[in-house]
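Structure, as structure tokens:
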Amino acid sequence: MDGKDSLWGLFQQRGLSRRSFLKVCMTITGILGLSPAMLPKVVSAAEQNPLPVVVWLHGHECTGCDESFIRSQSPLASDVLLNMISLEYSDTLSAAAGEPFEHHLEEVMKRYEGKYLLAVEGGVSTGNEGTFCMVGGKPFVAALKEAARGAAAVLEIGSCAAWGGVQAAKPNPTNTVAVHTVVSGKPIIKIPGCPPIPEVLTGVVMHYAMFGQLPPVDSQGRPKQFYGNRIHDTCYRRPFFNSGMFAEQFDDAGSKAGWCLYKLGCRGPETYNSCGNLRWWNGLSYPIQSGHGCIGCSSNGFWDNDHFYDRMPGIPVAKTITNADTIGLVVGGAAVAGVAAHGALSVLQKSKRRSGEHEEVGGPKA
Amino acid sequence: MERGHSKQYYVFSPFLRIFHWLMVLSIVTLFTTGLYIGDPFFIGSQGLEPTYAVTGRLSMEIMRFIHFAAAYIFTVSFILRAYGFWRNKGDRLFPHFWKKQYYEDLLDVFLHYTFIKSSHKPCLRNPLARASYVALYFMVFIEIITGFAMYTMIKPNSWGAKIYGPVNQLLGDEYTVHIIHHYVAWLIILFAIVHVYMAARADFMDREGEISSMFSGVKFLPHEPVDIGDITDGKDSSVRDRKHSITG
Ligand code: SF4
């Protein structure tokens, strides 16, 4: 595939019917989170726009996002890869490897200069001149900058690319940063998550494939249709939260009955993602449904917000861990004690002042 | 009567006084409900179906409703504060950081509070307290913007979310915003403890009507206060007229 065909062209080549093409367009409209009224636009885009060429780089990460991506159910990842985009370079999904493959990347970058979509998975290690993360014999940061130069747009796939990720956790020895810290001047979209929901990944890629541009983003640069709501505001356990029914422990009756996991450290109230409405593996489940609180894996800095099983972060105080309320109580108690002591001294001060005034002035009350 | 030879000074407008008590009520409400929201320490309506439990007893839903309602009342009450500020010089409590006099008075009060001096110069509005109110308003400001940042993002496309939503991004992530909101709430309570004590102490030490001034607006001072200039030389005639009244 030379990346020039449209989706409709592809259907015709394979002798598929117009009817099935329209069905696919309808599905795409739904998956992209567009209103049904947008269907004609999707159809015409699918008829006209050439399929995008995608270059997929891997940096400082665990390739978990790939694992997630290949499990996309609607659309099937294989469909996306084979029919909807032209994935020219991906060092984990390709059969090819080695120097010829790296050479191919250079060719692709030259041939489709200014047109290809750059998907980046993983953070960018910048410490020690980037040598903590080497790809194809050079620092990843260099490879990334080179690839970004000719890209039409950049996708930051996963929390590592979007925010830095676990390897950027304090004290961040490798000095890993997000992709947008080293790449600028290109349209960039964040698809955070550790990993992101497969359908969200494919959804954004498809949006680009359909319309040739990135989907609308929120104030943090994430696609609105997928990261618009908090998990807490879309969570099916929310009625339990509102009624004050909380699991206290992972093995108590409340936990068995499926009550809200708020007190077990659920980060749903501050995490923006589609887990609550799209769920995972074609709507099969998501962490909260399987009984584990959200850890906020799509939020910036989630890796440093431990302890994951406490609502408030633990504050280490000399050999123990405490929280804001305990500290508040202790300091509040100290304040009350201090105030009482000060009050006692004030009483003394006043009586002294009085006797002093009696001596000096001889009479008038203070 | 100690007030026998004291002069009466009209300091606080009714707007400031109403605002003050609204603030007291809402902060107490916000703090107690906020503690529950941060850590639901007593059992809600367990044993019922959520459908019926939501409205039963003090559920999280009801706690949150009270919290949000109090938050709105608190925020809106600042209109009174601003109006009083505009109308009445006595309400303008911003410390005069740019004047040398201010620092002299501040030191004077500080020495008195640390028991080094037996009394401080008579003043209508204590310079140390005025500095602490700036701190309080700053904390309240943080509570309001972080609170609305969390609250408005329930509807991410609303105009409120457009204004306050970026706060979440500014402070790193929304979890941090929760934490800041929680800590600053405690700081405000610490302020309240000291504030109540200081007012009661001032009444005990000098009998100048510190506490009652928050109801009546007037203070009684036996000597000419050092900061009398702050509330007199204005154009507002109503203030000037009233401060002349003398009780005997
Ligand atoms: S389980 Fe988590 S996301 Fe769901 S309602 Fe409870 S706190 Fe919110």
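Brief remarks follow.
- Only the Cβ atoms of Lys and Arg (+1) and of Asp and Glu (-1) were treated as charged; on that basis the dipole of the protein assembly as shown about its Cα centre amounts to roughly 1960 debye.
- Most mobile of A:K145, A:K350, A:K224 in a GNM of chain A (Cα contacts under 10 Å): A:K350
- Whole-Å distance, taken between Cα centres, linking the range A:252-297 and the range B:100-155: 43 Å
- Selected from A:R230, A:R353, A:R19 as most flexible by GNM, with chain A as the system and alpha-carbon contacts under 10 Å: A:R353
- Per residue, the convex hull spanned by the alpha carbons of the range B:2-247 comes to 171 Å³.
- Helix-only [θ]222 nm of the protein assembly as shown, DSSP H runs n ≥ 4, -39500 (n - 2.57) each, per residue, nearest 500: -15000 deg cm²/dmol
- The label-point distance for B:I144 and A:V182, in a model that sets each label 7 Å from Cα toward Cβ, rounds to 4.4 nm.
- Where labels lie 7 Å past Cα in the beta-carbon direction, separation of B:D203 and B:V134 in nm: 2.8 nm
- For the residue pairs A:K115/A:K224; A:K186/B:K162; B:K99/B:K219; A:K145/A:K170; B:K7/B:K121; A:K145/A:K190, alpha carbon separations beyond 22 Å are given by A:K115/A:K224; A:K186/B:K162; B:K99/B:K219; A:K145/A:K170.
- Extending 7 Å from Cα along the Cβ direction at A:A169 and again at B:E104 yields two label points whose distance is 5.9 nm.
- Here, the range B:142-241 is characterised by an Rg to Rh ratio of 1.22, where Rg is the alpha-carbon radius of gyration and Rh the Kirkwood radius.
- When DSSP beta bridges are restricted to pairs lying wholly in chain A, around 35% turn out antiparallel.
- Backbone N within the range B:162-186 under 13 Å of label point (7 Å from A:I315 Cα along the Cβ vector): B:179-186
- When the chymotrypsin sites (Phe, Trp or Tyr not before Pro) in the range B:67-136 are filtered for DSSP coil states and for at most 10 other beta-carbon atoms within 10 Å of their beta-carbon, the remaining sites are B:W98.
- Summing Cβ point charges (Lys, Arg +1; Asp, Glu -1) relative to the Cα centre of the range B:83-221 gives a dipole of roughly 440 debye.
- Multiplying each eigenvalue of the alpha-carbon gyration tensor of chain A by 5 and taking the square root yields semi-axes of 55, 26, 19 Å, largest first, rounded to whole angstroms.
- Surface burial for A against B, with a 1.4 Å probe and both sides summed, reaches about 4400 Å² of accessible area.
- Candidates per GluC sites (Glu not before Pro) in the range A:99-172, loop by DSSP, up to 13 other Cβ within 10 Å: A:E113
- Note on A:K352: lysines with a C-alpha under 16 Å away, same-chain residues under 8 apart excluded, are A:K365, B:K117.
- Simple point charges give the picture: +1 on the Cβ of Lys and Arg, -1 on the Cβ of Asp and Glu, and for chain B a dipole about the Cα centre of about 660 debye.
- Among A:G98, A:N83, A:C62 the positive-end extreme of the charge dipole of the range A:21-119 (Cβ point charges): A:N83
- Kirkwood's formula applied to the C-alpha pairs of the protein assembly as shown gives a hydrodynamic radius of 28.9 angstrom.
- Between the residues B:H96, B:V226, B:W21, the greatest Cα displacement towards the positive end of the dipole of the range B:2-247, with unit charges on the Cβ of Lys, Arg, Asp and Glu, is found for B:V226.
- Extension gain, A:A341-A:L93: 0.36 nm per intervening residue step, less the Cα-Cα distance, totals 82.2 nm.
- To the nearest ten degrees, helix A:39-48 and the longest principal axis of the Cα atoms of chain A are 50 degrees apart.
The values are calculated or read from the model by the stated rules, or taken from the named source; none is laboratory data. Everything numeric in this text was worked out from a predicted model, so none of it was measured. Ideal geometry is used to build each Cβ from the backbone, glycine not excepted, and the neighbour counts take in all protein chains shown. Calculation scope for accessible area: heavy atoms of the full protein, side chains included, ligands and nucleic acids excluded. Shrake-Rupley method; radii C 1.70, N 1.55, O 1.52, S 1.80 Å.
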